[in-house]
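Here is the structure we will look at.
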Amino acid sequence: MELSRGEYIPLYLELRKISKAHSLKDRIFAAFESLGLKVDDPIFEALADSGKLLLLLDAFDEIPDELKATVLTDIEDLASAKPDLRIVITSRPHQNIQVSNHFLVVALDNLIGAEYKNVIMKLASGQAWAENLVSHIEKRASHIREMLCTPLMVSLLVLSYK
């Protein structure tokens, strides 16, 4: 969705793929390559300084324990050196990323009532398709509705329903 708005270049990274052999920067460059873009240090520096790059760093809690401190330092160094770089990090609660003074911690509430319908509408590829899914849940699978308490669970449903 962010890419279609044209305001930022969103770059999604699964932090669990960081290893001793593949650093944060290696994973950033690999994410660009997966989009068909060859990025080197000068190009990355220019993108990070432009204010147009949005790093979406997923699942800090899934980084191997022995690498978390190093990765936290790398992320904080990047945030300090590139103040115009947008960084969003997801994590389960009680991780050391949450005590970093470089980031604002936002706790997500569960979806309530019929909010899952709005999430489906945003995720589904077409309005009719989304309405069909919601109708199916309401008429034939009401027991599933109880499990749709987070955007992640709704996303998984949408992906598996496709």
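Taking all protein chains together and a 1.4 Å probe, the residues Y12, Y161 rank Y12, Y161 from largest to smallest accessible area. Taking a ≥ b ≥ c as the square roots of the eigenvalues of the alpha-carbon gyration tensor, the range 17-87 is classed oblate because a/c is 1.5 or more while a/b is no larger than b/c.
Find the relative contact order for the range 99-162 and round it to a whole percent, using C-alpha pairs within less than 8 Å whose residues are 6+ positions apart. Let's see the in-between values first.
On the way: 35 pairs, mean separation 26.9, N = 64.
Reported as a whole number, the value is 42 percent.
What the phi angles of the range 24-30 give under the Karplus curve with 6.51, -1.76 and 1.60, with θ = phi - 60°, is a coupling list of 4, 4, 4, 5, 4, 5, 5 Hz, glycine and proline written as x.
Each Cα pair under 8 Å and six or more residues apart adds its separation to the average, and for the chain the resulting relative contact order is 19 percent. Against the main long axis of the alpha-carbon atoms of the chain, helix 151-161 sits at an angle near 70°. Ranked by solvent-accessible area (1.4 Å probe, protein heavy atoms only, all chains present), the residues K82, K25 order from largest to smallest as K25, K82. Expressed as a whole percent, the accessible surface of the chain that belongs to carbon and sulfur atoms is 54, based on a 1.4 Å probe.
By the gyration tensor of its Cα atoms, with a ≥ b ≥ c the square roots of the eigenvalues, what is the shape of the range 75-162: rounded for a/c under 1.5, prolate for a/b over b/c, or oblate? Prolate, because a/c is 1.5 or more and a/b exceeds b/c.
State, as an integer percentage, the relative contact order of the range 15-105 based on alpha-carbon contacts under 8 Å between residues 6 or more apart.
34 percent
Computed from phi, the 3J(HN,Hα) profile of the range 132-143 under the Karplus parametrisation 6.51, -1.76, 1.60 (θ = phi - 60°) reads 5, 5, 4, 4, 4, 4, 5, 8, 10, 9, 4, 5 Hz, with x in place of Gly and Pro. Computed across the chain, the Kirkwood hydrodynamic radius from all distinct Cα-Cα pairs reaches 17.9 Å. Applying the Karplus relation 6.51 cos²θ - 1.76 cosθ + 1.60 with θ = phi - 60° to the range 49-59 yields 3J(HN,Hα) values of 6, 6, x, 9, 9, 10, 8, 10, 9, 9, 6 Hz, where x marks Gly and Pro.
Multiply the residue separation of A141 and L159 by 0.36 nm, subtract the distance between their alpha-carbon atoms, and state the gained length in nm to one decimal. Display every interim value, and only then the final one.
Numbers: separation 18, 0.36 × 18 = 6.48 nm, distance 1.66 nm.
Extra length from A141 to L159 when fully extended: 4.8 nm.
The values are calculated or read from the model by the stated rules, or taken from the named source; none is laboratory data. Computed from a prediction, not measured in an experiment: that's the story for all the values here. Note: areas computed on protein heavy atoms with side chains; ligands, DNA, RNA excluded. Shrake-Rupley method; radii C 1.70, N 1.55, O 1.52, S 1.80 Å.
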